[in-house]
1. Please determine, by comparing only the residues of the stretch 87-128 that are modelled with pLDDT of 90 or more and among the aromatic types (Phe, Trp, Tyr), which one is least open to solvent (accessible area, probe 1.4 Å).
2. Within the stretch 30-61, track down each residue that is hydroxyl-bearing (Ser, Thr, Tyr) and in a helix (DSSP H, G or I).
3. In the stretch 184-219, how many residues are assigned to a helix (DSSP H, G or I) and open to solvent by 70 Å² or more (accessible area, probe 1.4 Å)?
4. Give the stretch 234-243 a look and list any residue that's within 15 Å of residue 303 (Cα to Cα) and at pLDDT 90 or above, or say none.
5. Any idea how many residues of the stretch 59-85 are of a type in the set (A, V, I, L, M) and touching a Cys at 6+ places or on another chain (Cβ under 9 Å)?
6. Based on this model, can you work out whether residue 64 counts as at pLDDT 85 or above and part of a helix (DSSP H, G or I)?
7. Got at least one residue in the stretch 339-353 being over 19 Å from the mean Cα position of the chain (by Cα), under 20 Å from residue 118 (Cβ atoms) and among the small types (Gly, Ala, Ser)?
8. How many of the residues making up the stretch 143-174 are at pLDDT 90 or above, aliphatic (A, V, I, L, M) and within 22 Å of residue 83 (Cα to Cα)?
Amino acid sequence: MIEAGSSAFWRATLALCLGSFMIFANVYVTQPLLPTMAHHFDISELKASWSFTITTLMLGLSLLIYGPLSDAIGRKNIIAATMSGVVLTTFLLSQTQDYHQLLVLRGVQGFCLGGLPAIAVAYLGDEFRKEAMLMAVGFYISGNTLGGIGGRLIGGFVGEWLGWSEAFLVMTLISFVLLAAFLFLLPASEHFSAKPLHPASMLKGMKNHLRNPLLICAYLVGGFNFFIFINQYSFITFVLAAEPYHLSPAWLGMLFLTYLSGTVGSAMSGKIAKSIPQTVCMMVGIACMMVGTLVTLLPSVAAIIVGFLISAFGFFFTHSTASAWVSHNANENKASASSLYLVFYYLGASTGGFYLSPFWQWAQWEGVVAGSLLVLFATLSVAYVLHRLHRQHMTIGAVTP
């Protein structure tokens, strides 16, 4: 088993961070381009956001396949095949000028993008000791945040300089290089134990996960936090592109540097979880999201940036903690358990825009804030319930002979 701080630890962790950067850069490359695409294709704000929504929806649905499949046939080959599919579809996206074709390709790309997220934490669970895994998950999710930043910066700057099609072409070249580095660095699985691929047993395993209150609460926290967090970014781009700010796509891309605080939050989560319960960590992170959301109501770009810095820290701190929580508390089929977490996570991303859209129509950004706080209060309540359930579980375990 890989120990924390060993050369194998850093090699595997770097590989997963590079792969994570590639995946999430491709997911989010269109987000700073939403106002540009709405104007270019003469479509509404909501329809422009479908270029992001369809990707996260298909990514989430693909996790139902990749996680159980990797339990049966292994981890690395599936990741390599799906990442290769990402490179191909990204190139094809750079060649289309029809919005409906773009949506179809973004859907196919989303299905390919699910391979690494579905399997990465399970790979870590197979190969790493518990303490090493906690640290590696934090670094891996830091790669998620850096990928989100990188994709948006590429989309914003290249989109403004050369055009939105060229942003996909640049992303193709970057993705190819990162794929090659990933395949070279990631160690082969040494401790993977294959399980027969029986659809009935796969469904039974997922049903068991969904009956486990220690898992379902974490699924709800992760899914509904992302439901709000990622879609706030989509709506704020329209706020900042309009009066009185008039920010260009490049400057809108710069907004996503606020993800850097999330990188810090992810990296800190494993260490802090050694000192206080993971459930308390989740509650603290959600409270940060609520504070950050309220700060964005102040009428200045600086306040909006500060608010998103606070929200990003809280969101990724909670997300890293919840991801590790699921892997620790799944009694079996850890890849399936992690995949279900990510299904909730990405279904949240793909549906949150539809929830927040009526609030936007009602009161613009103030309405989005109001709708966000309603959901965040609910996830805070679920995290508290999870805290109580875990304490009861630990008490029962302590008294059982």
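The values are calculated or read from the model by the stated rules, or taken from the named source; none is laboratory data. In this text, all values refer to a predicted model and were calculated from it rather than measured experimentally. Because the Cβ atoms are built from the backbone with ideal geometry, glycine has one as well, and the counts that use them run over all protein chains shown. Areas reflect the complete protein model, heavy atoms only, side chains present, ligands, DNA and RNA absent. Shrake-Rupley method; radii C 1.70, N 1.55, O 1.52, S 1.80 Å.
1. Looking at the filtered set, the residue picked out is 99.
2. Those that are hydroxyl-bearing (Ser, Thr, Tyr) and in a helix (DSSP H, G or I): 36, 51, 53, 55, 56.
3. Narrowing the stretch 184-219 to residues assigned to a helix (DSSP H, G or I): 184-185, 199-211, 213-219.
Add one more test, that the residue is open to solvent by 70 Å² or more (accessible area, probe 1.4 Å), and what stays is 184, 199-200, 203-204, 207, 210-211.
Selection size over the stretch 184-219: 8.
4. First pass over the stretch 234-243, keeping only residues within 15 Å of residue 303 (Cα to Cα): 236-237, 239-240.
Across the stretch 234-243, the qualifying residues are 236, 239, 240.
5. Narrowing the stretch 59-85 to residues of a type in the set (A, V, I, L, M): 59, 61, 63-65, 69, 72-73, 78-81, 83.
Those left that are additionally touching a Cys at 6+ places or on another chain (Cβ under 9 Å): 59, 81, 83.
Residues in the stretch 59-85 being of a type in the set (A, V, I, L, M) and touching a Cys at 6+ places or on another chain (Cβ under 9 Å): 3 in total.
6. Details: at pLDDT 85 or above: no; part of a helix (DSSP H, G or I): yes.
Considered against the rule, which asks whether it is at pLDDT 85 or above and part of a helix (DSSP H, G or I), residue 64 comes out as no.
7. First, the residues of the stretch 339-353 that are over 19 Å from the mean Cα position of the chain (by Cα): none.
The answer is no, given that none of the residues of the stretch 339-353 is over 19 Å from the mean Cα position of the chain (by Cα), under 20 Å from residue 118 (Cβ atoms) and among the small types (Gly, Ala, Ser).
8. 7
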